[in-house]
Amino acid sequence: QVQLVESGGGLVQAGGSLRLSCAASGTIFSFNVMAWYRQVPGKQRELVATITSDRITNYADSVKGRFIIATDGAKNTMYMQMNSLKAEDTAVYYCYARQIPAVYWGQGTQVTVSS
């Protein structure tokens, strides 16, 4: 059973930066896609960014130019560098990995941006 563990969340002022990490219990090379999602209470979980096994990336329009998703195969870890943070980025951020046919989720890490 694959486990994903997020870290790096916290409280930051608007305009600041945070880097989220998602450590996998196994090799990330077995995943077809990894992604970051976020969720605000009372709203649906939102896709923020994806990265494929070929390192092709995609971003939600709301974070393009501010967030960068990346993976480090040697460390079996996915990252998301979040810059120029805004109050509306406040959410619980979840790590996601797909290993067809299975999908895996982390437990989430809270990011709070104060304005």
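Tabulated values for the structure
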| quantity | calculated |
| --- | --- |
| For the chain: accessible area per residue (Å², 1.4 Å) | 53 Å² |
| Length-normalised contact order of the range 39-105 in % [C-alpha pairs under 8 Å, at least 6 apart] | 23 percent |
| Rounded to the nearest 20 debye, dipole of the chain from Cβ charges on Lys, Arg, Asp, Glu | 20 debye |
| Within straight-line cross-link reach of K86, lysines at Cα separation under 29 Å, skipping those fewer than 8 residues along the same chain | K43, K64 |
| Overall dimensions of the chain as given by Cα atoms, namely Rg and Dmax in Å | 13.3, 41 |
| Net lengthening on full extension, T52/F29 (0.36 nm per residue, minus Cα-Cα) | 7.3 nm |
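The values are calculated or read from the model by the stated rules, or taken from the named source; none is laboratory data. These numbers were taken from a predicted model, which means no experiment stands behind them. Neighbour counts run over all protein chains shown; Cβ positions are idealised from the backbone, glycine included. The accessibility values were calculated without ligands, DNA or RNA, using every heavy atom of the protein model including side chains. Shrake-Rupley method; radii C 1.70, N 1.55, O 1.52, S 1.80 Å.
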